[in-house]
Number of protein chains: 2
Amino acid sequence: MEKKVVKVVKIGGKLIEDENKLREFLNDFSELETPKILIHGGGSMATKIAQKLGYETKMVDGRRITDANSIKVITMVYGGLINKNIVAKLQARGTNAIGLCGADGASIVSKKREVKEIDFGFVGDIVKINASFISSLLEQGIIPVFSAISYSGDGQLYNTNGDSVAAEVAKAMSAIYDTELDFCFEKKGVLTDVDNDESVIKEIDEQLYKQLMNRGVISEGMLPKLHNCFQALHHGVTKIRLGDSNLLKKNSVHTKIVK
Amino acid sequence: MEKKVVKVVKIGGKLIEDENKLREFLNDFSELETPKILIHGGGSMATKIAQKLGYETKMVDGRRITDANSIKVITMVYGGLINKNIVAKLQARGTNAIGLCGADGASIVSKKREVKEIDFGFVGDIVKINASFISSLLEQGIIPVFSAISYSGDGQLYNTNGDSVAAEVAKAMSAIYDTELDFCFEKKGVLTDVDNDESVIKEIDEQLYKQLMNRGVISEGMLPKLHNCFQALHHGVTKIRLGDSNLLKKNSVHTKIVK
């Protein structure tokens with residue numbers, strides 16, 4: 001029997017902060033006919049609110065640390081404000097969404113990132129996705145909307161990379177469904193020239209990926225994104241694309257990741 | 001066939017802010033053997049955070065108004081911070097909780113409170129509870145934890161009275177289950193003397209309720225709570241109790257509401 005197609009879509013924080021782009025994106029997302037899962041980033045809103053609350057951004061060796069105040073703000077802004085507003089907007093479009101963080105339904109279990117040179121604080125690396133719970137929602141016609149917050153068994157919430165959440169959810173769903181993964185961010189795809197938005201590479205396979213890395217063409221921000229893509233591809237996700245807020249439209253310009 | 005018992009429990013904001021009481025309450029809640037639903041208030045945390053963010057509390061005729069900034073803060077604090085932390089703490093106790101606001105799964109639909117003398121802003125009065133969705137969670141062994149936020153079909157989130165959410169959810173569930181409703185707040189029950197915490201009235205029926213009201217014995221804060229209780233009692237909820245953070249313990253002192 002052919003597996004049902006499920007689409008996992010990640011929307012980046014910068015797109016969420018642009019009201020027009022978000023509106024258009026949510027229209028497109030609502031119109032997707034397959035069962036679907038949305039994972040959203042948070043953007044700079046958490047930083048702004050942390051500043052207003054008088055919380056200092058803690059950096060070690062140029063890396064941001066998620067201290068006790070930061071995880072509070074992230075839970076408020078990502079898990080509350082952004083998540084619930086996206087859900088309400090999807091409901092208004094006839095999409096029966098449900099807003100979740102990793103603790104809800106034990107859906108995304110993580111453990112604190114190991115302390116090597118740096119203690120990142122409340123940053124969690126995913127150890128388990130509860131695919132059967134997520135699948136039970138999809139089978140009821142309910143569309144999960146995840147903020148990038150996970151939890152550990154002892155009741156601690158953890159800040160988690162949104163691209164990793166998307167990749168891990170897609171990998172877990174691919175055991176049950178024919179799973180596709182779309183990353184929507186501020187660029188039209190992977191660019192050969194970071195200053196030229198039109199220099200989109202249409203298709204990247206592993207060989208080209210390694211070449212581009214060796215030639216230093218891929219910008220630093222793209223490296224973990226592409227790493228997540230190939231990880232997902234090697235674990236059963238069938239179709240992976242990177243593009244901007246128009247990615248879900250037919251005939252969008254984008255980068256396709258292939259084996 | 002006898003209906004399954006479901007317990008709807010409301011925990012007030014002041015109890016949530018007391019770390020020891022909350023811990024103990026969540027232990028007791030986790031140990032309840034029936035399927036259960038938790039509704040939580042928010043307490044003063046939202047006001048404190050609003051102040052820190054520089055948002056003024058808007059009052060009209062001594063009544064608090066939920067303006068655009070207030071509903072933002074409520075969504076952050078009640079829908080995010082408090083809700084997700086309670087869920088994570090329940091998960092740590094082996095209770096498979098899911099944190100929801102009214103928009104999630106279209107569970108609590110409301111409409112903006114009608115403007116008469118006062119425009120309360122983003123305050124919603126409940127028009128529909130999605131009982132079949134809530135029931136589908138319970139049947140999967142998933143325990144819903146609601147913040148007191150509802151939504152309208154046009155995608156707006158609304159601040160909603162937590163006691164009303166509890167009463168309306170209990171009323172809706174009573175069509176499917178033998179539903180019990182517990183209000184946990186800072187007192188041991190309804191008091192004959194507001195300054196004497198031990199003056200708990202063990203049982204209140206409608207006749208006594210009217211007598212107490214006429215004699216001015218019931219404090220102003222208790223009036224809407226008791227109104228909600230009798231409403232729920234008349235709409236199929238079988239057992240209603242009011243008490244403090246120990247209410248869920250066996251042999252707790254409390255007030256029972258009876259027909």
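The values are calculated or read from the model by the stated rules, or taken from the named source; none is laboratory data. On a predicted model such as this, the values are computed, not experimentally measured, just so you know. Note that each Cβ is placed from the backbone with ideal geometry, even for glycine, and that neighbours are counted across all protein chains shown. For accessibility, only protein heavy atoms count, side chains too; no ligands or nucleic acids. Shrake-Rupley method; radii C 1.70, N 1.55, O 1.52, S 1.80 Å.
Would you tally the residues in the range A:24-55 being open to solvent by 40 Å² or more (accessible area, probe 1.4 Å) and of a type in the set (Lys, Arg)?
2
Being among the polar types (S, T, N, Q) and either part of a strand (DSSP E or B) or within 11 Å of the chain's Cα centre (by Cα) (or both) is the filter here; which residues of the range A:156-166 pass it?
Residues satisfying the conditions are A:159, A:160, A:161, A:164.
Of all residues in the range A:174-187 being at pLDDT 95 or above and acidic (Asp, Glu), which is least open to solvent (accessible area, probe 1.4 Å)?
Filtering the range A:174-187 for residues that are at pLDDT 95 or above and acidic (Asp, Glu), the one least open to solvent (accessible area, probe 1.4 Å) comes out as A:182.
Look at residue A:72 and say whether it is closer than 20 Å to residue B:106 by Cα and either within 7 Å of another protein chain (Cβ to nearest Cβ) or touching a Lys or Arg at 6+ places or on another chain (Cβ under 7 Å) (or both).
Criteria not met by residue A:72.
Does residue A:225 satisfy the condition of being open to solvent by 60 Å² or more (accessible area, probe 1.4 Å) and not in a loop (DSSP other than H, G, I, E, B)?
So residue A:225 does not fit the description; no.
Mind checking which residues of the range A:45-70 are charged (D, E, K, R), out of contact with any strand residue (DSSP E or B) (no Cβ under 8 Å at 6 or more places or on another chain), part of a loop (DSSP other than H, G, I, E, B) and under 20 Å from residue B:52 (Cβ atoms)?
A:56
What number of residues within the range A:200-238 are free of Cβ contacts under 8 Å to residues at least 60 places away in the same chain, of a type in the set (D, E, K, R) and touching a strand residue (DSSP E or B) at 6+ places or on another chain (Cβ under 7 Å)?
2
Return yes or no: is residue A:220 surrounded by fewer than 23 Cβ atoms within 10 Å (Cβ to Cβ), part of a strand (DSSP E or B) and either within 14 Å of chain B (Cβ to nearest Cβ) or out of contact with any Leu (no Cβ under 7 Å at 6 or more places or on another chain) (or both)?
no
Does at least one position in the range B:202-209 carry a residue that is of a type in the set (Asp, Glu) and within 19 Å of the chain's Cα centre (by Cα)?
So far as the range B:202-209 goes, no, none of its residues is of a type in the set (Asp, Glu) and within 19 Å of the chain's Cα centre (by Cα).
How many of the residues in the range A:228-259 are under 21 Å from residue A:197 (Cα atoms), polar (S, T, N, Q) and open to solvent by less than 50 Å² (accessible area, probe 1.4 Å)?
Residues meeting the conditions: 3.
Can you tell which of B:42, B:79, B:99, B:94 is touching a helix residue (DSSP H, G or I) at 6+ places or on another chain (Cβ under 7 Å), within 22 Å of residue B:14 (Cα to Cα) and part of a loop (DSSP other than H, G, I, E, B)?
Answer to the selection: B:42.
Condition test on residue B:178, is it touching a Lys or Arg at 6+ places or on another chain (Cβ under 7 Å), more than 13 Å from chain A (Cβ to nearest Cβ) and farther than 15 Å from residue A:98 by Cα?
Yes; evaluated as a whole, the condition is true for this residue.
What pairs can you find where one residue is in the range A:42-59 and farther than 24 Å from residue A:22 by Cα and more than 11 Å from chain B (Cβ to nearest Cβ), the other is surrounded by 14 or more Cβ atoms within 10 Å (Cβ to Cβ) and of a type in the set (A, V, I, L, M, F, W, C), and their Cβ atoms are less than 7 Å apart, with a gap of 6+ or different chains?
Here the result reads A:57/A:50; A:58/A:65; A:59/A:65, each pair linking the range A:42-59 to a residue that is surrounded by 14 or more Cβ atoms within 10 Å (Cβ to Cβ) and of a type in the set (A, V, I, L, M, F, W, C).
List the strands (runs of 3 or more DSSP E) inside the range A:109-155, counting only whole elements, that have at least 3 residues being open to solvent by 20 Å² or more (accessible area, probe 1.4 Å), farther than 20 Å from residue A:80 by Cα and free of Cβ contacts under 8 Å to residues at least 40 places away in the same chain.
Hits in the range A:109-155: A:124-129.
Limited to the range A:101-131, what total is found for residues that are more than 10 Å from chain B (Cβ to nearest Cβ) and not basic (Lys, Arg)?
So the answer is 17.
Testing residue A:171 on (1) in contact with a Gly (Cβ under 8 Å, 6 or more places away or on another chain); (2) open to solvent by less than 10 Å² (accessible area, probe 1.4 Å), one condition comes back false. Which one is that?
Failing condition for residue A:171: (2).
When only residues in the range A:82-100 that are over 25 Å from residue B:54 (Cβ atoms) and more than 7 Å from every other protein chain (Cβ to nearest Cβ) count, which is surrounded by the fewest Cβ atoms within 10 Å (Cβ to Cβ)?
A:94
All but one of (1) closer than 19 Å to residue B:48 by Cβ; (2) crowded, with 24+ Cβ neighbours inside 10 Å hold for residue A:78, so report the exception by its number.
Of the numbered conditions (1) closer than 19 Å to residue B:48 by Cβ; (2) crowded, with 24+ Cβ neighbours inside 10 Å, the odd one out for residue A:78 is (1).
Answer with yes or no whether residue A:79 is touching a residue at least 24 places away in the same chain (Cβ under 8 Å) and either at the interface with chain B (Cβ under 7 Å from one of its Cβ atoms) or on the phi < 0 side of the Ramachandran plot (or both).
So residue A:79 fits the description; yes.
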